[in-house]
Amino acid sequence: MMSLTTMMLAAVTVVSPTNTAPVWAGPPAEPIVLWPDGAPGAVSREEVDVPTLTPYVPATRAPTRTSVVICPGGGYATLAMDHEGAQVAEFFNRLGIVAFVLKYRLGPRYHHPSMLQDAQRAIRYVRAHADAYGASRDRVGIIGFSAGGHLASTAATHTEAGRIDAPDPIERESARPDFLILGYPVVTFVEAWTHEGSRDRLLADEQTPERLTQLSNERQVTKDTPPTFLFHTNADTGVPPENSVMFYLALRRAGVPAELHIYERGRHGVGLAPDDPVLSSWPDRLADWLKVRGLL
C-alpha cells in the first residue's frame, strides 16, 4: 500500500494561474486506511474489517476550499459505492470540492457504534489533512444516501470534540461536520415509516426504547446541528419521505438553516438520477444551496 505521504502528494495538484476551471482529476488516489493499527472493536483484519476513505481531488485547486465525506447507502448491509459514491464524488469535483468516499463497517458483522466511529474518524482525518488537499478545516461536510444518510445524520447530531491530549493527532480534531447533505435518508427508528432493515442491522438485539430514541436523529437535533440540505421523492416506498420531513421540521424548530426538496416521482436509491430529466435537477439545487451557504 502507498504511504500516506505518497498518497497525499499524488492527490494534490499544482494550479496553473490561467486554468482555474474545476475538472475531475481522473481515477481516485488509493484508499486511505482510517486506522492503520486496526479499527476499534475490529473482529479481524479482513477487508470488511478495515474502513477506508478514498479521495477524489479536482484537477485544479479551485478557491472553494470545501471538502465532503460521502457515505453511500445500502441498508447497513452493503455499500452502493458507484452511484452513491464515485459518481457523487465526481459531481463534487466538478464544483471544485474535494470529495472522500467512505467505506464503513457493516452489519451483521458490526453494529452501532462501529459505523459512527468510522464516520467520525473520516471527518477528523479530512480536517487534520485539509491543507494537503487544498481545503479548509472549517469547511468539512458530510453527505449520505439512504442508510448512509442515517449515518451522516448520526454524525451530525452525535458530535464529538477533539481530545487535545490524544496521542494520535487525528483524534485531536473535532468530528462535527460543518454542513450536512441528505439524500432520501433513513432518519427515524421509532416511527411507522422507519426502514426496518437498516434498524435491525445497525442495532441487532439492542433495540431498547432508549437506544431507538437515541438513534432516531430527528429527536437529536439541536441548535448546534449543522446547516442541512435534504432531498427525497414522494414516490419512495423504500424509505418514505416522512423521514426527511421530520428531520427538516426538527431543524426548523431548532433554528438551524435548512432546505428540503421533495420531488413527486422517483424510486428509492436513484443517486444523481441521470436518467430522469426532472429528478436529475436535484444536484443543481444542491449547488445553489452551497452557493447560498458560501461554500462555492
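The values are calculated or read from the model by the stated rules, or taken from the named source; none is laboratory data. This structure is a prediction, so every number in the text was calculated from the model and none was measured. Here the Cβ positions follow ideal geometry from the backbone for every residue, glycine too, while neighbour counts run over all protein chains shown.
Within region 61-82, the residues that satisfy the criterion of being assigned to a strand (DSSP E or B) and within 20 Å of Arg293 (Cα to Cα) are Ser67, Val68, Val69, Ile70. Of everything in region 230-249, what is among the hydrophobic types (A, V, I, L, M, F, W, C) and either touching a residue at least 60 places away in the same chain (Cβ under 8 Å) or touching a helix residue (DSSP H, G or I) at 6+ places or on another chain (Cβ under 8 Å) (or both)? Give them in sequence order. If the condition is that a residue be among the hydrophobic types (A, V, I, L, M, F, W, C) and either touching a residue at least 60 places away in the same chain (Cβ under 8 Å) or touching a helix residue (DSSP H, G or I) at 6+ places or on another chain (Cβ under 8 Å) (or both), then Leu230, Phe231, Val239, Met246, Phe247, Leu249 are the ones that fit. If you take the residues of region 221-254 that are of a type in the set (S, T, N, Q) and buried (at least 17 other Cβ atoms within 10 Å of the Cβ), which of them is nearest to the chain's Cα centre (by Cα)? Only one residue tops the list, namely Thr228. Any idea which residue in region 98-156 is surrounded by the fewest Cβ atoms within 10 Å (Cβ to Cβ), counting only those that are under 24 Å from Leu286 (Cα atoms), of a type in the set (A, V, I, L, M) and more than 15 Å from the chain's Cα centre (by Cα)? Looking at residues that are under 24 Å from Leu286 (Cα atoms), of a type in the set (A, V, I, L, M) and more than 15 Å from the chain's Cα centre (by Cα), I get Ala130. Can you tell which of Ala89, Ala119 is modelled with pLDDT of 95 or more and in contact with a Cys (Cβ under 7 Å, 6 or more places away or on another chain)? Result: Ala119 is the single residue among Ala89, Ala119 that is modelled with pLDDT of 95 or more and in contact with a Cys (Cβ under 7 Å, 6 or more places away or on another chain).
Do we have Glu171 as under 16 Å from Tyr248 (Cα atoms) and touching a residue at least 12 places away in the same chain (Cβ under 8 Å) here?
Answer is no for this residue.
Keeping to region 263-296, report how many residues are farther than 23 Å from Thr64 by Cα and surrounded by 17 or more Cβ atoms within 10 Å (Cβ to Cβ). Spell out the reasoning first.
To start, the set of residues in region 263-296 that are farther than 23 Å from Thr64 by Cα comprises 263-271, 273-280.
Checking the rest, the ones that are also surrounded by 17 or more Cβ atoms within 10 Å (Cβ to Cβ) come to 263, 266, 268-271, 273, 279.
Of the residues in region 263-296, 8 are farther than 23 Å from Thr64 by Cα and surrounded by 17 or more Cβ atoms within 10 Å (Cβ to Cβ).
Do you know which residues across region 57-86 are of a type in the set (Ser, Thr, Tyr), at pLDDT below 95 and out of contact with any Lys or Arg (no Cβ under 8 Å at 6 or more places or on another chain)?
Residue satisfying the conditions is Thr60 alone.
Looking at Gly148, Gly134, can you tell me which residue is touching a Ser or Thr at 6+ places or on another chain (Cβ under 9 Å) and among the small types (Gly, Ala, Ser)? From the options Gly148, Gly134, the qualifying one is Gly134.
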